[in-house]
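Okay, so here's the structure we're looking at.
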Amino acid sequence: MKSVLALLSLLALPVMAAEPTLYGRYEYIKLPEIGGQVLKAKMDTGALTASLSAKDIETFTRDGEDWVRFRLGTKDASSKVFEHKVLRISKIKSRADEDDEKDVADVAKRPVVELELCLGSIKRTVEVNLTDRSSFNYPLLIGAKALREFGAAVNPARRFVADKPDC
C-alpha cells in the first residue's frame with residue numbers, strides 16, 4: 001500500500017504548480033522594443049490587461065493588417081515614433097463611468113499590441129493596451145494577465161523587490 005501511495009504522489013508532481021515569484025506593488029520594467037526604456041510600473045491585480053502610457057496614438061493599415069504608431073507618453077520620453085502590429089482593440093469601461101443615472105456607459109477603445117517586458121531577470125511577451133497615462137504616477141500598469149505570464153504574486157507592502165531589470 002505504501003508503494004502505491006508513493007507512486008501516486010510521484011505522478012502528481014508534474015501537476016503541481018510552481019510557487020509564484022513575489023514582487024512588490026511597484027517594480028521597474030524594461031521595454032526592449034521601446035528603445036530599451038526602463039519604467040516604474042504599478043503591479044495591479046485588479047486590472048486585467050497591462051497599459052502603457054502613449055501619446056499621438058494613430059491606427060493605420062499596412063499590407064491589409066491593422067497597425068498603430070505612437071510616442072511614449074512619459075515625462076522624459078524622446079519624440080521617437082514606434083510602430084507595432086495591432087493584436088486587437090480592447091474596450092475599457094472606466095470606473096468613473098459607473099454612474100447609476102446613466103443608461104449606457106462610455107467605452108474607450110484602445111489598441112492592444114504584444115510587447116516584450118523584462119522584470120528582474122525574466123523576459124515575457126505580453127498584451128499591452130496603449131492609452132495616455134500621463135496624469136498617473138506610473139506610466140506602465142501590469143495587470144493580471146501579465147502577472148500570470150511572469151508567474152508573479154504581489155505583496156502590496158513591498159516596493160521594487162526585483163531591482164533594475166537585467167534581461
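Coordinate-derived values only; no laboratory data. Only a predicted model underlies this, so the values are computations on that prediction, with no experimental measurement involved. Cβ atoms come from the backbone with ideal geometry, glycine included; neighbour counts cover every protein chain shown.
As a rough guide to protection, the peptides 57-70, 146-159, 121-134 ranked by mean Cβ packing within 10 Å, highest first, stand as 121-134, 146-159, 57-70. Over segment 23-142, the alpha carbon radius of gyration divided by the compact-protein estimate 2.2 N^0.38 Å works out to 1.10.
Residues of segment 29-44 with the amide nitrogen closer than 12 Å to a label point 7 Å from the Cα of Asp166, along Cα-to-Cβ, please. Within reach of a label on Asp166: no residues. Full extension of the segment from Lys123 to Ala157, taken as 0.36 nm per residue of separation minus the current Cα-Cα distance, would add 9.8 nm. Need one number: nm distance between label points at Leu22 and Asp56, each 7 Å from Cα along Cα→Cβ, rounded to one decimal. Reported label-point gap for Leu22 and Asp56 is 4.4 nm. In this simple spin-label model, placing a label point 7 Å from the Cα along the Cα-to-Cβ direction at both Ser135 and Lys93 gives a separation of 2.1 nm. Put a dot 7 Å past the Cα of Lys40, heading toward its Cβ, do the same for Lys85, and the two dots end up 3.5 nm apart.
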